[in-house]
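The values are calculated or read from the model by the stated rules, or taken from the named source; none is laboratory data. Predicted model only: the values in this text are computed from it and were never measured. FYI the Cβ positions are ideal-geometry reconstructions off the backbone, even for glycines, and counts take in every protein chain you see. Please note that ligands, DNA and RNA were not included when accessible areas were found on the heavy atoms of the full protein model with its side chains. Shrake-Rupley method; radii C 1.70, N 1.55, O 1.52, S 1.80 Å.
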Amino acid sequence: MLYRKLGKTDLEVSNLGFGCMRLPHKNKFSEIDEVEATAMFDYAIENGVNYFDTAYSFHSEDKSKGGNAEPFLGNYLDERGIRDEVIIQTKLPSWLVDSKKSMYDLFDEQLKRLKTDHIDIYMLHSLRLDFWNQLNEYDVLEFLDSILEDGRAKYVGFSFHDDLEVFFSIIDSYNKWDVILTQMNYLDEDYKSGLAGLDFVASAGLANVIMEPLRGGSLICNVPNEVSELWEGADKKRTPIEWAFEYLWDKPSVHSVFSGMSNLEQVKMNVDIASNAQINSFTDKDRQILKDVCEIYKSREEIPCTGCRYCMPCHNNVNIPHCFKQYNIAKSLNFIDKVSTPYFWLTRDDERADSCTYCDECTMNCPQGIDIPAELEKVDKFFNEN
């Protein structure tokens with residue numbers, strides 16, 4: 001396994017981080033298959049993976065309640081007696097915070113669930129503007145100061161799901177951030193915080209860790225023939241999963257990439273790729289191939305929205321560019337199973353397409369001449385039928 005220094009921290013982390021959101025399960029998502037998951041953890045650790053990411057809600061049937069990923073990880077490390085050999089990263093469920101006291105109560109509960117006296121990296125989970133504003137009402141930065149000062153958290157950070165402007169604002173609001181978790185893959189350079197956010201984090205000396213390197217598996221499923229032909233033209237032959245991972249590990253600004261693995265074969269495959277992925281290993285030809293691949297996917301999008309935001313703000317709060325972006329992603333990747341999640345979970349109810357009242361003011365402002373209400377109706381129908 002290869003390792004990288006985690007930003008300005010004193011931690012050395014494995015190229016591959018183990019994301020605990022998609023562990024194997026039985027009949028219910030909350031019922032982790034402990035035999036299979038234990039074998040996966042064993043193999044990962046024996047082969048050098050030292051960075052585990054979990055959260056209060058992982059493997060829960062209801063996001064308002066704690067899931068079983070934290071307790072499973074805590075029990076595993078306790079039974080093996082190897083708590084100090086791994087780095088635990090977990091997260092405060094931002095959507096459940098309804099008072100200052102609740103932050104401390106949730107944190108205390110998470111320590112017990114993980115059977116530890118400290119969290120190596122504690123994050124605010126899934127930050128977007130509304131969650132961030134709510135957390136600030138309850139003095140979240142004072143809370144972070146407190147758990148850092150008493151040593152129960154060694155480092156702090158946040159995971160992010162909003163626009164670049166919000167991203168910059170959150171980072172600038174606190175001088176003790178250490179680790180930032182964002183979604184990044186070769187199709188997402190201009191999505192949400194994107195590549196600009198990645199570069200900003202690196203320039204500030206903070207650690208970049210990555211989630212959704214495969215976009216929930218969509219980058220390796222239903223690969224168009226035109227894309228496969230481009231892969232074949234490379235000097236070094238790579239599988240689709242190798243292209244996706246190595247794109248990230250090629251970047252000096254990326255410190256670890258989390259994969260939510262669901263079976264032992266996935267762990268073995270990802271460990272093997274991570275153990276050979278060096279910084280700056282891509283050639284100029286490799287990078288051009290990736291650009292050409294992105295153009296192919298982009299050409300499959302149906303709504304010609306450029307994200308210019310001239311249609312915004314909408315009087316009914318519809319996040320028009322985001323709705324169109326999620327629809328275009330679903331169509332271009334032909335993989336509705338995962339891309340519907342950002343639409344329903346990461347978009348507030350009033351920002352979704354069904355809030356449109358057909359006032360048509362947005363259409364008059366659209367430089368692309370898009371019939372926005374008609375397209376929003378199509379978006380709403382698509383995500384509710386799939």
> How much accessible area does Ser281 have with a 1.4 Å probe, in Å² rounded to the nearest 10?
Replying inline: 50 Å²
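Dipole of the chain, Cα-centred, from +1 at each Lys and Arg C-beta and -1 at each Asp and Glu C-beta, to the nearest 20 debye?
Details: 40 positive and 66 negative charges, 85 e Å.
I would put it at about 400 debye.
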>> Give me a comma-separated list of calculated 3J(HN,Hα) values for segment 143-154, in order, Karplus coefficients 6.51, -1.76, 1.60 applied at θ = phi - 60°, integers in Hz, x for any Gly or Pro.
In response: 4, 4, 4, 4, 6, 6, 5, 8, x, 6, 10, 7
>> Testing the spin-label approximation: label points 7 Å from Cα along Cα→Cβ at Ser299 and Asp272. State their distance in nm.
In response: 3.3 nm
>> Name the residue from Val257, Thr363, His315 whose Cα lies farthest towards the positive end of the charge dipole of segment 216-368, charges +1 on Cβ of Lys and Arg and -1 on Cβ of Asp and Glu.
In response: Val257
> By how many nm would the segment from Lys115 to Val223 lengthen if fully extended, with 0.36 nm per residue of separation less the alpha-carbon distance?
Replying inline: 34.6 nm
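Taking 32 Å as the cut-off for C-alpha to C-alpha distance, list the pairs among Lys28/Lys268; Lys5/Lys115; Lys28/Lys298; Lys100/Lys192; Lys8/Lys100 that go past it.
On the way: Lys28/Lys268 25 Å; Lys5/Lys115 26 Å; Lys28/Lys298 36 Å; Lys100/Lys192 29 Å; Lys8/Lys100 29 Å.
Long pairs (Cα-Cα over 32 Å): Lys28/Lys298.
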> Toward the positive end of the charge dipole of segment 25-150, about the Cα centre and with charges on Cβ (Lys, Arg +1; Asp, Glu -1), which of Phe52, Leu129, Ser146 goes farthest?
Replying inline: Leu129
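Compute the accessible area per residue over segment 245-363, keeping the other protein chains in place, probe 1.4 Å, unit Å².
Working: 5500 Å² over 119 residues.
Dividing the accessible area of segment 245-363 by its residue count gives 46 Å².
Under the rule a/c < 1.5 gives rounded, and otherwise a/b versus b/c splits prolate from oblate, where does segment 75-197 land using the Cα gyration tensor?
Numbers: a/c = 2.10, a/b = 1.36, b/c = 1.54.
Oblate.
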> Accessible area per residue of segment 1-59 at 1.4 Å probe, in Å²?
Replying inline: 40 Å²
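Quick check: convex hull over the Cα atoms of the chain, volume per residue in Å³, rounded to an integer?
Taking the convex hull of the Cα positions in the chain, it is 139 Å³ per residue.
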> Per the Kirkwood treatment, what hydrodynamic radius in Å, one decimal, follows for segment 8-62 from the mean inverse distance over all distinct Cα pairs?
Replying inline: 12.4 Å
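Go through Tyr310, Tyr56 and list them by solvent-accessible area, largest first, probe radius 1.4 Å.
On the way: Tyr310 145, Tyr56 20 Å².
The ordering from most to least exposed comes out as Tyr310, Tyr56.
Dipole of segment 1-109, Cα-centred, from +1 at each Lys and Arg C-beta and -1 at each Asp and Glu C-beta, to the nearest 20 debye?
Magnitude of the dipole: close to 500 debye.
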> At a Förster radius of 30 Å, what calculated FRET efficiency corresponds to the Cβ-Cβ distance of Arg348 and Ser203, to the nearest 0.05?
Replying inline: 0.45
>> Using Cα springs under 10 Å in a Gaussian network model of the chain, which residue among Gly205, Gly260, Gly369 shows the largest mean-square fluctuation?
In response: Gly369
> Probe 1.4 Å, all protein chains in place: accessible area of Met312 in Å², nearest 10?
Replying inline: 50 Å²
>> For the full complex of protein chains and a 1.4 angstrom probe, list Ser256, Ser64 by accessible area with the highest value first.
In response: Ser64, Ser256
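Under the Kirkwood approximation applied to all pairs of distinct alpha-carbon atoms, what is the hydrodynamic radius of segment 1-102 in Å? Numbers along the way, then the final one.
On the way: mean 1/r = 0.0682 Å⁻¹.
Answer for segment 1-102: a Kirkwood hydrodynamic radius of 14.7 Å.
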> chymotrypsin sites (Phe, Trp or Tyr not before Pro) within segment 2-50: which are DSSP loop residues with at most 16 other Cβ atoms inside 10 Å?
Replying inline: Phe29
> Which one of Asp163, Asp272, Asp150 has the biggest mean-square fluctuation once the chain is modelled by GNM with Cα springs under 10 Å?
Replying inline: Asp150
>> Could you work out how much longer the chain between Asp150 and Asp130 gets when fully extended? Use 0.36 nm per residue separation minus the Cα distance between them, nm to one decimal.
In response: 4.3 nm
>> Within the chain, what whole-number % of the accessible surface is contributed by carbon and sulfur, with the 1.4 Å probe and all protein chains included in the calculation?
In response: 46 percent
>> For the chain, what does the helix formula give at 222 nm: sum of -39500 (n - 2.57) over DSSP H segments with n ≥ 4, over the residue count, nearest 500 deg cm²/dmol?
In response: -13000 deg cm²/dmol
